[in-house]
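So the structure is just underneath, and the comments pick up after that.
Coordinate-derived values only; no laboratory data. Source: prediction; values computed, not measured. Don't worry about glycine lacking a Cβ; one is built from the backbone with ideal geometry, like all the others, and counts go over all protein chains shown.
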Amino acid sequence: MLRFFGPLIAPIIGLAFVTALLCAILFTPHEAEQTLVTASVHDGGYHLEPREIHYSFDGPFGRYDNEQLQRGFQVYKEVCSACHSMERVAFKDLEQIGFTKPEVKALAKGWATEQPSVNPDTGEPAGRKSLPSDFIPGPYANETAARAANNNALPPDMSLLAKAREGGPAYIHSLVTGYRPVPADIKKKFPDFTVPTGLHYNPYFANLNIAMPPPLAADGQVTYADGTKATIDQMATDVSAFLMWAAEPKLDNRKRTGSAVVVYLLLATALAYMAYRNIWAGKKH
């Protein structure tokens, strides 16, 4: 058998090499060309910087607004959690933004995704209801399942998103409200520019084409418990504020500590100056 197929091995390997080379020649230049076109569009001013958004926690004396954070959590729960995880935030952490212990317990118990567990009787994988001490589970079992459900795109975990993206919460706000049709002048200047199937044009995204469809589609997508009108802009502001808290929950404490330290240093400086004047007054150097 080997004697019969042996002379064919070299031609088969050679044919495979030539086929791979032809594929590289035929397809790679188009992908490279599209990358160059996207880069040119990006450099041509079509990529936008995040809009300036004002939050209650801006500045050295700014503080989180718990009512806004609770609204933002509601937007995350009802909209974002369908695709995005928040694996570094525990349910009990929500007490920091004003939820009561019974409310947190109810939120954990009623969460759509169960916690992975093991059946003690059979040893088989199983699920259980979340406890307040559990981290908020993501909607998918693993990365493979997440990519399979999102056209091979992996929705990022939102726990640290506001600190991981340049522009922070303002970037998140701009991104989720920034979807729009492709400007007509792009087609004129860059005829080869296209939005691939399954992607969406968004000038606030790095390469202009994003896999995530518009998450906030219309006003009133959620119904706020406190009666606040849920416009797209309001929902985007609230959820981006909540994500900032998730990424930096100790911000208020850090600002309070910083303010106390500044006051202490000012008082210490004043006392040191008065002591200097009292000890050395009238003495010649």
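Provide the gained length on full extension for the span Ala218 to Ala164, in nm with one decimal, where the gain is 0.36 nm per separating residue minus the Cα-Cα distance.
On the way: separation 54, 0.36 × 54 = 19.44 nm, distance 2.73 nm.
The span from Ala218 to Ala164 would gain 16.7 nm if fully extended.
In the structure displayed, which of Lys129/Lys229; Lys163/Lys255; Lys92/Lys250; Lys77/Lys129 lie more than 26 Å apart, Cα to Cα? Checking Cα-Cα distances, Lys129/Lys229 exceed 26 Å. Each label was represented as a point 7 Å from its Cα along the Cα-to-Cβ direction; for Leu271 and Gln115 these points are 4.8 nm apart. In this structure, the amide hydrogen of Ala126, modeled 1.01 Å from its nitrogen in the peptide plane, lies closer than 5 angstrom to those of Ser117, Val118, Asn119, counting only residues at least 5 positions away or on a different chain. Count Lys and Arg as plus one, Asp and Glu as minus one, and take only other residues whose Cβ is under 13 Å from that of Phe205; the net charge is then 0. In plain terms, the chain from Ala126 to Ala145 could stretch by 5.1 nm, reckoned as 0.36 nm per residue minus the Cα-Cα distance. For the range 203-271, the direction-averaged projected area of the alpha-carbon convex hull comes to 8.3 nm².
Please state the shape class of the range 55-184: rounded when a/c is under 1.5, otherwise prolate if a/b exceeds b/c and oblate if not, all from the C-alpha gyration tensor.
Values: a/c = 2.55, a/b = 1.27, b/c = 2.01.
Taking the square roots of the gyration eigenvalues as a ≥ b ≥ c, the range 55-184 is oblate.
For the pair Asp252 and Lys188, a Förster radius of 41 Å applied to the C-beta separation gives a FRET efficiency near 0.25, rounded to the nearest 0.05.
Over the range 79-121, the hull volume per residue, using the convex hull of the C-alpha atoms, is 113 Å³. Charged neighbours of Ser117, selected by a Cβ distance under 14 Å, balance to -2 (K, R count +1; D, E count -1). Within the shell defined by Cβ-Cβ distances under 12 Å, the residues around Thr223 carry a net charge of -1, with Lys and Arg each +1 and Asp and Glu each -1.
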